[in-house]
Amino acid sequence: MQIPLKTYLESIPGFFGIRLEEEPTYQVITKFDAESEIRRYGPTLHAQTEVEGSHEEAVNEGFRRLASYIFGENHGRKQISMTTPVIEEEASGEQVSMTTPVMQSQIGGRWLISFILPSHFTIGTAPVPNDNRVELVEVGSLTVAALRYSGNNTEEKMKKRSEELLQLVEKNGWRPTSDVRCAQYDQPFAIPFLKRNEVHVEVARQN
């Protein structure tokens with residue numbers, strides 16, 4: 001997978017924690033504290049893949065598969081105008097803008113790694129992946145509890161923050177309705193203390 005110089009240059013702001021990519025919009029329902037809150041997300045379209053192995057191995061492999069898809073390893077049917085930053089590759093497929101965050105969740109011994117596609121795509125207009133291990137999935141509106149933290153996102157840190165989030169949810173009159181997943185907003189090369197990570201869990205009001 002060859003990435004042109006222009007793409008590397010456009011990634012420079014990310015080294016300093018400056019995010020230019022599109023992010024999914026949400027409404028804040030209530031705040032627990034400065035780093036945690038309840039959000040309401042609208043529908044999104046995900047490109048996702050399941051990977052076996054340790055967290056680090058799975059994230060690296062999942063990211064590689066999904067990056068190949070957005071770099072043009074897909075059945076392109078038309079040219080599309082790009083948003084910033086533009087991710088380019090000389091390929092026959094359609095090129096898709098990068099968005100954040102990258103979502104990670106554990107399913108038994110496997111990890112589910114997901115990219116959220118730009119909001120103008122639908123399941124009918126998004127390019128079809130060439131790799132059958134990558135699938136497009138529509139995700140409906142979600143009410144989510146989120147806890148934000150910085151630094152390199154290790155599996156140990158994810159587990160610790162997940163426990164904190166679940167405690168906050170229960171303490172504030174909510175209950176989890178899904179497994180906890182992680183949202184990673186920055187590239188691995190970003191300065192660690194500037195990195196934005198979050199753990200999310202779908203929630204409902206306690207009866």
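Read the figures in this text as sums done on the coordinates, not as results from a lab. Given the structure is predicted, the values throughout are model-derived calculations rather than measurements. Neighbour counts run over all protein chains shown; Cβ positions are idealised from the backbone, glycine included.
Key figures
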| read-out | value |
| --- | --- |
| Phi-based couplings in Hz for region 187-204 (Karplus 6.51, -1.76, 1.60; Gly and Pro marked x) | 5, x, 7, 5, 4, x, 6, 9, 6, 10, 10, 9, 10, 10, 8, 5, 9, 9 |
| Residues Phe115, Phe32, sorted so that the one with the fewest Cβ neighbours within 10 Å comes first | Phe32, Phe115 |
| Residues Thr44, Thr143, Thr122 arranged by fewest to most Cβ contacts within 10 Å | Thr122, Thr143, Thr44 |
| Net charge over other residues, Cβ less than 12 angstrom from the Cβ of Glu57 (K, R count +1; D, E count -1) | -2 |
